[in-house]
Amino acid sequence: MTAGKKTILLSILLWALPVLLHAQFKSNINDTTVNAKLVTLGYTFQLPLGDMADRFGPGNNLGAGFYFKLPYNLLLGVEANYLFGGNVREDTMLNYLYTDAGGLIGIDGYYETVFLFERGTAFWAKVGKIIPVVNSNPNSGLTLLAGAGFIQHRIKLSSPNSTLPNILNDYSKGYDRLSNGFALSQYVGFTHLDKRRLVNFNIGIEVMEGFTKSRRDWNFDQMQKDESKRLDILIGFKLAWILPFYGKGEERMYTF
């Protein structure tokens, strides 16, 4: 074979090789599940039920998680949530401090306003599975998750001018209704892992049940310790962005 023919043949092979590899990798991702590490950042709009509904109205939840996507699309991971909102229904704890005119007077002699907010945290260990939908990417599909962990919530009292020292700082502990305890969670939704790693997300419904109780020794307004056991339920619509990290082989399959 002459040098010219060898050069032409080599050029054809170099041109065809990427095309053949592309087709092979595309076929693999269309019919093969891959392992990955998934970082998630999400937002949940939550509605309270049970004892939680007596204390708070609709609220918000920001979450971050880290998951291992294992063989057979099994999921194993941890997640942390920050709960917040401005709809507090249990808002009578300061009523006994009001003047006859219906206000709170600060140390400067002027009326002061107090704002109430929902604040909370939750930490989870979770396990689940992605169930591929027919004729779709086998790494995407119906997603089921179950979790166990810890949930805590309280009422934050805020005085704009800080002229009410008897309800702020350490004194706020007598009014903030701090509660926490063991919790469970369930999630059903859809996970999409894009073949080109451009758009990755999950969306679905999440339910949390907290078996909590008050952690304060004394409620000033009630003149007693709250010994009751609570069932705090939150049901939410969740949307999360996913940042996937693949192994070397899996990364090549998703690059094209």
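The values are calculated or read from the model by the stated rules, or taken from the named source; none is laboratory data. Keep in mind the model is a prediction, meaning the values are calculated, not measured. Every residue, glycine among them, receives a Cβ derived from its backbone with ideal geometry; neighbour counts consider all protein chains shown. The area values use the complete protein model at the heavy-atom level, side chains included, leaving out ligands, DNA and RNA. Shrake-Rupley method; radii C 1.70, N 1.55, O 1.52, S 1.80 Å.
Remarks
- Dipole magnitude (debye, nearest 20) for segment 148-195, charges at Cβ of Lys, Arg, Asp, Glu: 40
- Fully extending the segment from residue 226 to residue 82 would add 49.4 nm, taking 0.36 nm per residue of separation and subtracting the current Cα-Cα distance.
- Measuring nothing but how far apart in sequence close Cα pairs (under 8 Å, 6+ apart) lie, relative to its length, segment 56-128 scores a relative contact order of 39 percent.
- Annotation: per residue accessible area for segment 125-164 equals 44 Å², rounded to a whole number [probe 1.4 Å, protein chains only].
- Segment 67-214 - charge dipole about Cα centre, Lys and Arg +1 at Cβ, Asp and Glu -1, debye rounded to 20: 920
- Principal semi-axes of the equivalent ellipsoid, √(5λ) from the alpha carbon gyration tensor of segment 87-188, are 46, 14, 11 Å from largest down.
- Carbon and sulfur %, accessible surface of segment 52-150 computed with the full protein complex present, 1.4 Å: 66
- For segment 124-137, putting each phi into the Karplus relation 6.51 cos²θ - 1.76 cosθ + 1.60 with θ = phi - 60° gives couplings of 9, 10, 10, 9, x, 7, 9, 10, x, 8, 4, 6, 10, 4 Hz, in residue order, rounded to whole numbers and with x for Gly and Pro.
- Debye, to nearest 20: dipole size of segment 143-256, +1 on Lys, Arg Cβ, -1 on Asp, Glu Cβ: 280
- Cα-derived Rg over Rh, computed across segment 69-144 with Rh taken as Kirkwood radius: 1.40
- Radius 13 Å from Cβ of residue 119, net charge of other residues (Lys, Arg +1; Asp, Glu -1): +2
- Using 0.36 nm per residue and subtracting the Cα-Cα separation, the extra length available between residue 100 and residue 207 on full extension is 34.2 nm.
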